[in-house]
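A short write-up of the structure that comes next.
FYI, it's all coordinate maths here, none of it is from the lab. These figures come from a predicted structure and were not determined experimentally. FYI the Cβ positions are ideal-geometry reconstructions off the backbone, even for glycines, and counts take in every protein chain you see.
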Amino acid sequence: MLFNVLYRFHTQLSVLNVTRYITFRTAAASLSALAISLILGPWLIRKLREFQIGQVIRTEGPQTHKPKAGTPTMGGLLILAAALVPTLLWADLANIYVWIAVLTTSGYGAIGFADDYLKIIRRSHHGLRPRYKMGFQVLFGLAVGASLLVLAHNNLYSTRLIFPFFKRLIPDLGWWYLPFAAFVLVAASNAVNLTDGLDGLAISTFAIAAAAYTALAYVTGHRVFADYLLLVRFPPAAELTVFGGSLVGASLGFLWYNSYPAEIFMGDVGSLALGAALATIAILIKQELLLPIVGGIFVLEAVSVILQVAYFKSTGGKRLFRMSPLHHHFELIGWSEPKVIARFVILGIIFALLSLATLKLR
């Protein structure tokens, strides 16, 4: 919005030419998002306390988490505002992919909001019924997949998959891309949701993954870098760099208040939206198969839950981990919460660097 207005006057005021550069607008969006988070954070925390919108702690969770009961939650509203407003200000709103990213993130945020709202009014950790929650996520994912098929039909998108490490392995999924896109969105949103169990863990590891995908979006849309790295060049994807930058800035601002000991939790409105945002960027820049590497921490957390449930059922009640998701297992074997967070962040950085390294390993 702001970009579209300012650039109209670039011929009269040459300094406004800088607004056409993706790098400038990404930096501006990141700083805007950071500022919004830092400025509105205290106000939101105060209002959430005023309306008694506090976290309900599971009775079966680690005992060390009991003092966290009542901590303001639904802080994902702050993340969404801080990420989406700068995106709308600094991105090119004529770019359809920006709108897909914004609407998908908002849609999954709405599902999370409904879940959080029901938890608050019931004073319970039970929100939307699992089948409804999953059903809405799948339906929204299918809607996104269907919109991409329409774009592909008009030669504005590709249903091909790019495999890491391989130059010429680019199969076309055709109509199968519809369920595939839905799966990526649902899996990513739930994986981030499962990771959100320790102060600052989900938001810090997300910020790292978002930064990696911001870089990937930039090189995918850049002619020189894309050709050098043998990527399928997709110029419209470059605009998603601004969206990614907004996510990083908003995440860092939220981390200021969510770091240990947390003053606010993001809730499902934040975790589902952030997972969907990451998946949307991955899908739109054709780097879906890098997502398990970029978001390696989220994969480990999700897989630990799947393995725990499968092992429990197959062995008649035995547990593979002390508790799942994985971060709780390390808490119960004696690691302090800050140590678990710090080590997972280190792993997140390693995963992000590995994902960027794959660009040249083809």
Under the rule of -39500 (n - 2.57) per DSSP H run of 4 or more residues, summed and divided by the residues of the chain, what mean residue ellipticity at 222 nm is obtained, to the nearest 500 deg cm²/dmol? -21500 deg cm²/dmol
Sequence ranges 82-95, 319-332, 222-235, ranked by mean other-Cβ count within 10 angstrom, highest first: 82-95, 319-332, 222-235
Given His222, Gly295, Pro62, which one lies farthest toward the positive end of the charge dipole of region 23-357, if we put +1 on the Cβ of every Lys and Arg and -1 on the Cβ of every Asp and Glu? Pro62
Calculate the length of the line joining the C-alpha centroid of region 192-233 to that of region 301-329, in whole Å. 29
Fully extended, how many nm does the chain gain between Leu289 and Val18 (0.36 nm per residue separation, minus their Cα-Cα distance)? 94.2 nm
Spacing of the two label points (7 Å from each Cα toward its C-beta) at His126 and Arg49, in nm: 3.1
Please give every one of the lysines within straight-line cross-link reach of Lys47, meaning a C-alpha to C-alpha distance under 25 Å, and leave out same-chain neighbours fewer than 8 residues apart. Lys66, Lys68, Lys119
How long is the gain from Ala27 to Val305 if the chain were fully straight, where each residue apart is worth 0.36 nm and the alpha carbon distance is subtracted? 96.4 nm
Under unit Cβ charges (Lys, Arg +1; Asp, Glu -1), what dipole magnitude, rounded to 20 debye, does the chain have relative to its Cα centre? 440
Can you tell which of Ile121, Val138, Gly317 lies farthest toward the positive end of the dipole of region 23-357, using +1 and -1 charges on the Cβ of basic and acidic side chains (Lys, Arg; Asp, Glu)? Gly317
Given [x] 1.25; [y] 0.99; [z] 0.95, the label whose value is Cα Rg over 2.2 N^0.38 Å derived from this model: [y]
Sort 260-271, 334-345, 202-213 by the packing proxy (mean of other Cβ within 10 Å over each peptide's residues), most packed first. 202-213, 260-271, 334-345
Full extension between Ile346 and Arg160 adds, at 0.36 nm per residue less the Cα distance, a length in nm of 63.7 nm
Angle between the chain longest axis and helix 201-221 axis [Cα atoms, degrees, rounded to 10]: 20
How tilted is helix 22-50 with respect to the longest principal axis of the chain? Cα atoms for both, answer in degrees (0 to 90, nearest 10). 30
